[in-house]
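The values are calculated or read from the model by the stated rules, or taken from the named source; none is laboratory data. The shown structure was predicted, so the numbers you read here are calculated from the model rather than taken from an experiment. Here the Cβ positions follow ideal geometry from the backbone for every residue, glycine too, while neighbour counts run over all protein chains shown.
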Amino acid sequence: MHCYRILGSLQDAEDMLQETLLAAWRGLDGYEGRASLRTWLYQIATNRCLNALRASSRQPRTELPDPSFVTTEPTRRGSAVWVEPYPDVLLPDLGSGPEARYEAKESIALAFVVAIQHLPPRQRAVLVLRDVLGFRAAEVADLLEVSEPAVNSALQRARATMASRLPRLDRDRASLPRSARQRDLAARFATAFASHDIDGVVALLTDDAWITMPPVTLEYQGPAAIGGLLRDVSAWHGGRPYRLVPTGANGQPAYGLYIPDGSAPEFRAYGIVVLTLEGDQISAITRYVDNSLMSWFGLPSSLAE
């Protein structure tokens, strides 16, 4: 989870975890116990992630072309930041009390992970180590082998950037993770989306809701723009009904999406949809078109009709 927050990629995080465990095993004889084993392991993992971010060979993923069937004008063209969803089955315990569960949910939410990708590597590491994991400034300085003033300066800049990119959380309107309220709203979305009931989907959205389709850079805000996009997509698919299989990503409701296969009696995988909820409405829909993600969520590549 720590590596994922810094890297934004589930596969890259898994690779860094394996490198961390291997490095720790090889270096165990040299571990002197001056810091806790936890701190030592986080130091290895953090530095492996920073090295990966700085490596010249680490190139951005190739962008998909803008879909030609979309005629609705996008609200904006976003940056080519690639963040993969994180399966809930791999998440740590969200905590026992409501406050702890909210804090954990904020630090694993897609919006948080996307926002942190806009920080320089060291600021990412400092923010996660200080504000998410709770290390003291002196500990982070030792861990990153920099001065304590450098840590405090990096944290201040990182917090300012995050504040400008993250919407302010309204906890009175937020749903507890995996609550009945959350499940009901997600189920209503799935029913409407599967049957191409565009008006039904739009009725569930906040006035400032977004839909994004990483790595496609087209982004749409507001019920009218989102409704137009969904109608374009529905027309392209000929109105054929979808199937949605419930799952969870980043502590948020999600679905594996399947479309009819015209050449076979089955529904084939068509990516992941992740919902961000605000009270009794949906404030963001993130549509992943990468079918390689399905296996991470334990979802099949196809469904029988």
Would a scan of segment 126-144 turn up a residue that is surrounded by 19 or more Cβ atoms within 10 Å (Cβ to Cβ), modelled with pLDDT of 90 or more and part of a loop (DSSP other than H, G, I, E, B)? yes
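Looking at Gly256, Gly238, which one is out of contact with any Cys (no Cβ under 9 Å at 6 or more places or on another chain) and either surrounded by fewer than 21 Cβ atoms within 10 Å (Cβ to Cβ) or among the aliphatic types (A, V, I, L, M) (or both)? Spell out how you get there, then give the answer.
Working: Gly256 fails: either surrounded by fewer than 21 Cβ atoms within 10 Å (Cβ to Cβ) or among the aliphatic types (A, V, I, L, M) (or both).
Going through Gly256, Gly238 in turn, the sole match is Gly238.
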Would you confirm whether any residue within segment 156-170 is crowded, with 20+ Cβ neighbours inside 10 Å and at pLDDT 85 or above? yes
For a quick check of your reading of the model, give me the residue pairs whose first member lies in segment 264-285 and is among the acidic types (Asp, Glu), whose second is part of a strand (DSSP E or B), with beta-carbon atoms closer than 9 Å and at least 6 apart or on different chains. Glu266/Tyr258; Glu266/Pro260; Glu266/Ser302; Glu266/Leu303; Glu266/Ala304; Glu278/Thr206; Glu278/Ala209; Glu278/Ala284
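For Ile259, state whether it is within 17 Å of Gly298 (Cβ to Cβ) and either touching a Lys or Arg at 6+ places or on another chain (Cβ under 9 Å) or at pLDDT below 95 (or both). Give the steps one after another, and end with the answer.
Working: within 17 Å of Gly298 (Cβ to Cβ): no; either touching a Lys or Arg at 6+ places or on another chain (Cβ under 9 Å) or at pLDDT below 95 (or both): yes.
No, not satisfied.
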Just need a number here: residues in segment 116-159 that are within 24 Å of the chain's Cα centre (by Cα), touching a residue at least 12 places away in the same chain (Cβ under 8 Å) and more than 20 Å from Arg54 (Cβ to Cβ). 6
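Under the condition of being in contact with a helix residue (DSSP H, G or I) (Cβ under 8 Å, 6 or more places away or on another chain) and outside any loop (DSSP other than H, G, I, E, B), which residue from segment 79-89 is modelled with the lowest pLDDT? If you could, list the steps in order and put the result at the bottom.
Step one: filter segment 79-89 for residues in contact with a helix residue (DSSP H, G or I) (Cβ under 8 Å, 6 or more places away or on another chain), giving 81, 83-87, 89.
Next cut, outside any loop (DSSP other than H, G, I, E, B) only: 87, 89.
On the way: Pro87: 95, Val89: 89.
Taking the candidates together, the pick is Val89.
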Where the second residue is among the small types (Gly, Ala, Ser) and surrounded by fewer than 20 Cβ atoms within 10 Å (Cβ to Cβ) and the first is over 28 Å from Pro246 (Cα atoms) and lies in segment 75-88, which pairs have Cβ atoms under 6 Å and are six or more apart or on separate chains? Thr75/Ala225
